[in-house]
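K.L.:
One structure, as structure tokens, below. Some questions next.
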Amino acid sequence: MAVMQTTGLAPLGTQDLQRVGALSRWVSRHALILILGALMLIMPVVASDFILVQVFGWAMILGIIALSLMFLAGYGGMVSLAQMTVAGVSGYMITVFGVSSLPAISLFWPWWLAAPIAIAIAVAFGTLTGVLSSRTEGIYTIMITLAIAAAFFYLTLQNWPIFNGFAGFTTIPAPIAFGINWKHPVPLYYLILFFAALSYLAVVYVSRTPFGLALQGVRDNPRRMEAIGYNVIAHRVAAYAFAALIASIGGILMVWLNNQISPGSNGIEASIDLLIIAVVGGLGHPIGAFVGAIIYVLLRTFALDALVAVGLDGRRFQTLIGLGFLIIVLFSPDGVIGLWRRWVARAGGPGERSGF
Amino acid sequence: MATAFDTEEAAGGARRGDAFGRWIGHHPIASLIIAIVLIFFVWLVLAPWPAGFEDVFGKKRLFINAVFNGVTLGGLYFLVASGFTLIFGLMRNVNLAHGSLYLFGGYMGYEAGEWTGSWLFSFVIAFICAAIVGIAMQFFIFRRMEGQDLRQTLVTLGLSIIFSDLMVWIWGGNAIQIDTPDYLLGPVPTPIVLAVKSNGEAVFLQYPLVRLVIFVASVAIGVGMWLALNRTRAGVMIRAGVDDRDMLSVLGYRVQLLFVLVFAFGAGLAGMAGIVGGTFQSISLGEDSHFLLVSLQVVIVGGMGSIPGAALGAIIIGCAEQFGQTYFQNYATVLTFVIMVIVLAIRPQGLLGRR
């Protein structure tokens, strides 16, 4: 961070110069993020509705949910496969409490009541997941959270009274609020962009708070943190709760964008895809989640045509994803962000900042 | 570190009996409750139910079928999960592609059965095919990233995605049913009374022979694995490797060979289970993640890396699934989930696991 040093004795001009210098340092250090943000802001001017919502909107939503996984895995050392499930819980809850085409199940409460309730239930679910899995470590966490994710998936698949079985819910538009119809592409895009930026900044902020630093300490050496008086379990559970908050916002946006939710939305495959997004993007920095998400969505959208164009079977999309994931895991464990950092370090020599 | 196979078991039945007696001595009330529940359960299964009982619990036929289906399903689950837990116990590798090995074995067994017409021969083929895949995975990939648990797990994840997509490519999305051979076809009478007719004639349970045979076979495999682990030289090496693989390697034993063999055996078991699953139910797209989930649940409940734990967990999960489907359909998976949560809350290492 740019820290201003004001002596009080220095003449005003010097202070101003210092301030300008600090600002320009800050701008140059965060140049990439700022350019990215500006591009995203003016995107609706150039992009079609499809690109806007189905590519960038969808990528940002996946990015938000992957960000919650990145927070847990990158700062807490807990690779949770239940984050998509948390998003699914909030998505299902907003349809159960809010609007859908099934009057037998949905309660048709207004969005300002349904959304907080959905988020609260999802956060409770995520926290419970944390309570269950934070007593174990490392690969055990993966196993337990995967089991939780799969159990919820089969519950939604088999349960008709609440989750409407494999059919799920359809016709769940984004609400009309503050005089704006949020289901139109441009407002929806800005809504998603707002929450993507908000959750990104929240994660960056939390990672620098005493809680975030202690969490990283727990990640690196839980026993030492325990010895100097930190409650390791409490930190982990709190991290799960915070991550669940982010994931549940993503879950609601996901439902509003897709206009539907079904067991496949939070299936095992979706959970694993989310882990792939986070790992491919890179667990070292919050932006990795969004980088991974945009790569995934672009592949998902255009890989079929690209595969056919080079004479391969377009249906082998999953193999392509799996191979890409394997290559990243085998050769760059810190993801695309890691590749980028190494590339910048090599190009700019030692001492050069990476831009993130 | 979590160490898995009970080293106390090494000394054989006598000391094992002592340990059992000690446990009862330490937990008199818990063992009394367990004994009462077991006796009540045996009575529920064997005796004809008194009048009024069926009003509360439903038909005895439903209950007995749930018990039998649950236990025999547990046999299948044990076949899948024991390989999973064996690999995990020795190599600390959570093989998330284990469900794919199951599915692959099922498909290969189906092909072999179609080709030769022999059901038993297809088990050999399924075992060999899945074992070869397992050997390849251990030899080409996991050997190169030893000790990096998380990375290995991520690699198995990537592999499972590729495998499942390739299998959809080859065998399509339709469910495949493996035919039960003629000599195992049809139900057999059992000495269990379902009900007594008004004329005093007892109605006995008829149960499919193939499920009973498979259950006996999986018990035999379980006992065989236990004996191999506790009575043979290879078993000693495996148990030593579970406790401290670095030390075993320093002592000059060929740990890499051991790893490959264990991986092959675990994968082969999963492959054989694929045929069993194809005979019991069917094999299709999505069964790989279903059986991965089952393996996870079984080892979480039973204890990670423990073979007896896998057996116990498999029976519990199998029964929970069948009882859930019989008595509360909409929440069947919640029952297995609740069991998992209770076990994690009381014993995070699993019922028979060790820290």
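K.L.:
For the subset of region B:336-349 comprising residues that are within 10 Å of another protein chain (Cβ to nearest Cβ) and free of Cβ contacts under 8 Å to residues at least 40 places away in the same chain, which member is nearest to B:GLY89 (Cα to Cα)?
P.N.:
The extreme case among them is B:PRO348.
K.L.:
In this structure, is B:GLY224 more than 14 Å from every other protein chain (Cβ to nearest Cβ), closer than 30 Å to B:LEU46 by Cβ and either more than 20 Å from the chain's Cα centre (by Cα) or assigned to a helix (DSSP H, G or I) (or both)? Step through it out loud before you land on a result.
P.N.:
Numbers: more than 14 Å from every other protein chain (Cβ to nearest Cβ): yes; closer than 30 Å to B:LEU46 by Cβ: yes; either more than 20 Å from the chain's Cα centre (by Cα) or assigned to a helix (DSSP H, G or I) (or both): yes.
Answer is yes for this residue.
K.L.:
Now for a separate question. Would it be correct to say that B:LEU352 is in contact (Cβ under 8 Å) with a residue 40 or more places away in the chain, in a helix (DSSP H, G or I), away from chain A (no Cβ under 12 Å) and of a type outside the set (Val, Ile, Thr)? Don't jump to the end; show me each part of the working.
P.N.:
On the way: in contact (Cβ under 8 Å) with a residue 40 or more places away in the chain: yes; in a helix (DSSP H, G or I): no; away from chain A (no Cβ under 12 Å): yes; of a type outside the set (Val, Ile, Thr): yes.
In short, no.
K.L.:
In region A:111-137, which residues are surrounded by fewer than 21 Cβ atoms within 10 Å (Cβ to Cβ) and aromatic (Phe, Trp, Tyr)?
P.N.:
Of everything in region A:111-137, those that are surrounded by fewer than 21 Cβ atoms within 10 Å (Cβ to Cβ) and aromatic (Phe, Trp, Tyr) turn out to be A:TRP111, A:TRP112.
K.L.:
Out of the residues in region A:258-270 that are facing chain B (nearest Cβ under 10 Å) and touching a residue at least 40 places away in the same chain (Cβ under 8 Å), state the one that is nearest to B:LEU157 (Cα to Cα). Give the derivation first.
P.N.:
Restricting attention to region A:258-270, the residues satisfying the condition of being facing chain B (nearest Cβ under 10 Å) are A:267-269.
Still in the list and also touching a residue at least 40 places away in the same chain (Cβ under 8 Å): A:267-268.
Details: A:GLY267: 15, A:ILE268: 11 Å.
Going through the qualifying residues, I end up with A:ILE268.
K.L.:
Only one of B:GLY147, B:GLY74, B:GLY89, B:GLY158 is assigned to a helix (DSSP H, G or I), of a type outside the set (A, V, I, L, M, F, W, C), within 14 Å of another protein chain (Cβ to nearest Cβ) and farther than 27 Å from A:LEU320 by Cα. Can you tell me which? If you could, list the steps in order and put the result at the bottom.
P.N.:
Values: B:GLY147 fails: assigned to a helix (DSSP H, G or I); B:GLY74 fails: within 14 Å of another protein chain (Cβ to nearest Cβ); B:GLY158 fails: farther than 27 Å from A:LEU320 by Cα.
When all the criteria are applied, what remains is B:GLY89.
K.L.:
Please give the number of the condition A:LEU128 fails out of (1) touching a residue at least 24 places away in the same chain (Cβ under 8 Å); (2) assigned to a helix (DSSP H, G or I); (3) more than 7 Å from chain B (Cβ to nearest Cβ).
P.N.:
Among (1) touching a residue at least 24 places away in the same chain (Cβ under 8 Å); (2) assigned to a helix (DSSP H, G or I); (3) more than 7 Å from chain B (Cβ to nearest Cβ), the lone unmet condition for A:LEU128 is (1).
K.L.:
From the list B:SER306, B:SER289, pick out the single residue that is within 12 Å of the chain's Cα centre (by Cα) and modelled with pLDDT under 85. Show your work before the answer.
P.N.:
Numbers: B:SER289 fails: within 12 Å of the chain's Cα centre (by Cα).
Step by step, each of B:SER306, B:SER289 is checked, and only B:SER306 is within 12 Å of the chain's Cα centre (by Cα) and modelled with pLDDT under 85.
K.L.:
Also: Based on what the data block shows, is A:VAL123 in contact (Cβ under 8 Å) with a residue 40 or more places away in the chain, within 30 Å of B:VAL294 (Cα to Cα), more than 10 Å from every other protein chain (Cβ to nearest Cβ) and in a helix (DSSP H, G or I)?
P.N.:
Numbers: in contact (Cβ under 8 Å) with a residue 40 or more places away in the chain: yes; within 30 Å of B:VAL294 (Cα to Cα): yes; more than 10 Å from every other protein chain (Cβ to nearest Cβ): yes; in a helix (DSSP H, G or I): yes.
Considered against the rule, which asks whether it is in contact (Cβ under 8 Å) with a residue 40 or more places away in the chain, within 30 Å of B:VAL294 (Cα to Cα), more than 10 Å from every other protein chain (Cβ to nearest Cβ) and in a helix (DSSP H, G or I), A:VAL123 comes out as yes.
K.L.:
So, of the residues in region B:161-202 that are within 14 Å of chain A (Cβ to nearest Cβ) and not in a helix (DSSP H, G or I), which turns out to be modelled with the highest pLDDT?
P.N.:
Restricting to residues being within 14 Å of chain A (Cβ to nearest Cβ) and not in a helix (DSSP H, G or I), the top hit is B:GLY172.
K.L.:
Give me the residue from region A:65-94 that is within 14 Å of chain B (Cβ to nearest Cβ) and part of a helix (DSSP H, G or I) and, out of that set, farthest from A:ASP334 (Cα to Cα). Show your work before the answer.
P.N.:
From region A:65-94, those within 14 Å of chain B (Cβ to nearest Cβ) are A:69, A:72-74, A:76-82, A:84-85, A:89; that's our starting set.
So of that shortlist, the ones also part of a helix (DSSP H, G or I) come out as A:69, A:72-74, A:76, A:84-85, A:89.
Values: A:LEU69: 14, A:LEU72: 15, A:ALA73: 12, A:GLY74: 10, A:GLY76: 15, A:MET84: 21, A:THR85: 24, A:VAL89: 29 Å.
Among them, the one singled out is A:VAL89.
K.L.:
Please tell me if A:LEU188 is more than 14 Å from chain B (Cβ to nearest Cβ), touching a Phe, Trp or Tyr at 6+ places or on another chain (Cβ under 8 Å) and loosely packed, with under 15 Cβ neighbours inside 10 Å. Write out each step before concluding.
P.N.:
Details: more than 14 Å from chain B (Cβ to nearest Cβ): yes; touching a Phe, Trp or Tyr at 6+ places or on another chain (Cβ under 8 Å): yes; loosely packed, with under 15 Cβ neighbours inside 10 Å: no.
Spelling it out, it is not the case that A:LEU188 is more than 14 Å from chain B (Cβ to nearest Cβ), touching a Phe, Trp or Tyr at 6+ places or on another chain (Cβ under 8 Å) and loosely packed, with under 15 Cβ neighbours inside 10 Å.
K.L.:
Here are some conditions: (1) out of contact with any Phe, Trp or Tyr (no Cβ under 9 Å at 6 or more places or on another chain); (2) at pLDDT 85 or above. A:PHE290 meets all but one. Which one does it not meet?
P.N.:
All conditions are met except number (1).
The values are calculated or read from the model by the stated rules, or taken from the named source; none is laboratory data. None of these values were measured; they are calculated from a predicted model. Using ideal geometry, Cβ is built from the backbone for each residue, glycine included, and neighbour counts are taken over all protein chains shown.
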